[in-house]
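Trainee: Quick one: structure below, then a few questions.
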Amino acid sequence: MCIGIPATTTAPIGIFDSGVGGLSVLRHIQTQLPQENLLYFADSGYAPYGGKPEQFIVDRALAITDFLLQQGAKAIVVACNTATAAAIKALRARYPHLPLVGVEPGLKPAAALTKKNTIGVLATERTLASTKFNQLSTHISDSTGVRVLTQACIGLADQIEKGELQSAVTALLVQRYVAPLIAQGADTLVLGCTHYPFVLPLLQDAACRATSEPVTIIDTGVPIALQLVRLLKQHDLLNTRSSPGLLQTFTTGNETALKGALSNLLHLQASITSVPVS
């Protein structure tokens, strides 16, 4: 293990996102690993990441990971598609021995499921513009013949950050982003941002309005949690106790906002600490 990275099984797992979107990943991790202690970091003071320069996101990811390791994290989950696309390479370079899980857009499972040979990806501008995403998209298209359509969902993560999961404004945005993908033949939609699972009912409704045919929607939260399980086993860091793990949360934004998100989205209560990580 790297210096500063504890090799104890009871050490916590660090999870971070630009805001509350990573809570959609945290819930799957809690399901798969209920005995693990978790640290969740919401970088809400610097959100959203979607329109930010790549180097800004890399710097934030490195600073947050350093902070979580200082809190004793034994593994890190980058629960943000935009941060994964921009910064995962830099994180692996700085911490080559750290169990590290990023969020990969579910293009491979989508390509396997589509009946019309066309999939649609809903994501932030930064994710869709990243070299990592475009290399993956090209590889999937070349290897399977599946057409990959993309849609930048400007403003959608902001609405979710504000807790507007069913508002008319959020519904209109979702409709605006989903309809064109369906119109172009997509029968499988990939949620390329961890915020988007929280508006799944609106996404399903928009798909139903756009077509009478079935549309599959892919949330990559479960594969992320399973990959984390594999890495912890590989590094002999799996917590084998039977008691439930503890959750501690941090934010660079408003503590009340994160408390509300935990309660409204996951029905959880946790200690929240405001931290000026820079």
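The values are calculated or read from the model by the stated rules, or taken from the named source; none is laboratory data. The structure displayed is predicted, hence computed values, not measured ones. All Cβ positions, glycine included, derive from the backbone under ideal geometry; neighbour counts span all protein chains shown. Heavy atoms of the whole protein, side chains included, go into the accessibility calculation; ligands, DNA and RNA do not. Shrake-Rupley method; radii C 1.70, N 1.55, O 1.52, S 1.80 Å.
Trainee: What is the spin-label model distance, in nm, from Gln269 to Lys89 if the labels are put 7 Å beyond Cα along the C-beta direction?
Mentor: 4.6
Trainee: Among the listed pairs Lys52/Lys132; Lys108/Lys132; Lys132/Lys233; Lys162/Lys259; Lys108/Lys162; Lys74/Lys233, which have their C-alpha atoms separated by more than 21 angstrom in this model?
Mentor: From the list (Lys52/Lys132; Lys108/Lys132; Lys132/Lys233; Lys162/Lys259; Lys108/Lys162; Lys74/Lys233), the Cα-Cα distance tops 21 Å for Lys132/Lys233; Lys108/Lys162.
Trainee: With a 1.4 Å probe and every protein chain kept in, tell me what percent of the accessible surface of the range 12-165 is carbon plus sulfur.
Mentor: Reported share for carbon and sulfur atoms: 50 percent.
Trainee: Between Thr9 and Leu226, what FRET efficiency comes out of the Förster formula 1/(1 + (r/R0)^6) with R0 = 25 Å and r the beta carbon distance, rounded to 0.05?
Mentor: 0.85
Trainee: With every protein chain kept in place and ligands, DNA and RNA left out, what is the accessible area per residue of the chain? Probe 1.4 Å, answer in Å².
Mentor: Heavy-atom SASA per residue in the chain reads 43 Å².
Trainee: Looking at the range 212-278, which trypsin sites (Lys or Arg not before Pro) are DSSP coil and have at most 11 other C-beta atoms within 10 Å of their C-beta?
Mentor: Arg241
Trainee: Quick check: Cα centre of the range 208-272 to Cα centre of the range 32-82, how many Å?
Mentor: So the separation of the two Cα centres works out to 13 Å.
Trainee: Right, another one. Using a 7 Å offset from the Cα along the Cα-to-Cβ direction at both Ile154 and Ala112, what is the distance between the two label points in nm, to one decimal?
Mentor: Placing both labels 7 Å beyond Cα along the Cβ direction yields 3.6 nm.
Trainee: How do Leu39, Leu266 stack up against each other in accessible area, from largest to smallest, with a 1.4 angstrom probe?
Mentor: Correct descending sequence by accessible area is Leu266, Leu39.
Trainee: A further question follows. Calculate the all-directions average of the projected area of the chain's alpha-carbon convex hull, and give it in nm².
Mentor: So the mean shadow area of the Cα hull is 13.8 nm².
Trainee: Kirkwood Rh, Cα Rg: Rg to Rh for the range 117-224?
Mentor: So for the range 117-224, dividing Rg by the Kirkwood Rh gives 0.95.
Trainee: Could you bin all the Cα-Cα distances of the range 1-158 into 5 Å bins starting at 0 and give me the percent of pairs in each, rounded to whole numbers?
Mentor: Histogram of Cα-Cα distances, whole percents per bin: 2, 9, 18, 20, 18, 15, 11, 6, 2, 0.
Trainee: Explain nothing, just compute: Karplus ³J(HN,Hα) = 6.51 cos²θ - 1.76 cosθ + 1.60, θ = phi - 60°, for every residue of the range 190-206 in order, whole Hz, x for Gly and Pro.
Mentor: Values, residue by residue: 9, 8, x, 8, 5, 6, 5, x, 6, 10, 3, x, 5, 5, 5, 5, 5 Hz.
Trainee: Grab the Cα-Cα distance for Gln135 and Arg241, subtract it from 0.36 nm times how many residues apart they are, and report the gain in nm with one decimal.
Mentor: Answer, rounded to one decimal: 34.1 nm.
Trainee: Per DSSP H run of n ≥ 4, the term is -39500 (n - 2.57); total these for the chain, divide by its residue number, and report the mean residue ellipticity at 222 nm rounded to 500 deg cm²/dmol.
Mentor: Mean residue ellipticity at 222 nm (helix-derived): -14000 deg cm²/dmol.
Trainee: Sticking with this structure for a sec: Which residues does the label zone of Gln184 cover in the range 103-125, counting backbone N under 12 Å from a point 7 Å along Cα→Cβ?
Mentor: 118-123
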